[in-house]
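Here's the structure, in structure tokens; my notes come after.
The values are calculated or read from the model by the stated rules, or taken from the named source; none is laboratory data. In this text the structure is predicted, and so the values were computed from the model without any measurement. Cβ sites come from the backbone with ideal geometry, for glycine too, and all protein chains shown count toward neighbours. Quick note on the areas: whole protein, heavy atoms, side chains included, nothing else; ligands and nucleic acids left out. Shrake-Rupley method; radii C 1.70, N 1.55, O 1.52, S 1.80 Å.
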Amino acid sequence: MSLDVSPKLLAEAEHGDIREADFVDTVRTSLPYAYNLIAGLAKQLTDSASDFTDNQTPPPSEQERGQLLRALASDAIRGSLERHFGVTLAFQNCHRVAAFRPGALGGETYARFTSVRAQVLNQSPEFRDC
């Protein structure tokens, strides 16, 4: 799954740096499921006192799963979304995305969520092929 980069943005990138806001807009339109899921998690986090919010609902189709995997597998996309929404993201099991407060990196809750123990405990046979 590739981003749908406009000719204008491509031309700008070929001549130098681009505005991150333009890149995030490209992500929003190219990967709407991933963008909207992360936007929703960021809003839930802002509206709560929790250390993090997470999604445990599988995507409705493989296309949406692909969008999520694409967004989180790319350092540029993931980092841009984190900066745009003011969160730190963590990821497990093809669809379990968590949004943490920016200072969470290195904290106990973030470390527990991203630990190898948590990864093992969150395994399930239905996730084998995702």
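Yes/no per residue for (1) among the basic types (Lys, Arg); (2) in a helix (DSSP H, G or I); (3) open to solvent by 20 Å² or more (accessible area, probe 1.4 Å):
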position	(1), (2), (3)
Pro60	no, no, yes
Gly66	no, yes, yes
Arg83	yes, yes, yes
Phe91	no, no, yes
Ala99	no, no, no
Gly103	no, yes, yes
Ala111	no, yes, yes
Check your understanding: closer than 18 Å to Phe91 by Cβ, of a type in the set (Val, Ile, Thr) and open to solvent by 40 Å² or more (accessible area, probe 1.4 Å): does that describe Thr53?
Key -> no
Study note, to complete from the structure: The number of residues in segment 15-47 that are open to solvent by 80 Å² or more (accessible area, probe 1.4 Å) and farther than 21 Å from Asp4 by Cβ is 4
**Study point:** Any chance Val5 is farther than 18 Å from Phe113 by Cα and assigned to a helix (DSSP H, G or I)
**Key:** no
Check your understanding: Phe23 fails exactly one of the following numbered conditions: (1) farther than 17 Å from Thr88 by Cβ; (2) free of Cβ contacts under 8 Å to residues at least 40 places away in the same chain; (3) outside any loop (DSSP other than H, G, I, E, B). What is the number of that condition?
Key -> (2)
Point to revise | Considering residues of segment 51-101 that are over 11 Å from the mean Cα position of the chain (by Cα) and of a type in the set (Val, Ile, Thr) only, the residue farthest from Arg19 (Cα to Cα) | key: Thr57
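The rows are residues; the columns are (1) closer than 14 Å to Leu37 by Cβ; (2) surrounded by fewer than 18 Cβ atoms within 10 Å (Cβ to Cβ); (3) modelled with pLDDT of 90 or more.
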| position | (1), (2), (3) |
| --- | --- |
| Val87 | yes, no, yes |
| His95 | yes, no, no |
| Arg117 | no, yes, no |
| Cys130 | no, yes, no |
Exercise for review: Give me a count of the residues in segment 47-59 that are touching a residue at least 12 places away in the same chain (Cβ under 8 Å) and farther than 19 Å from Arg112 by Cβ.
Suggested key: 3
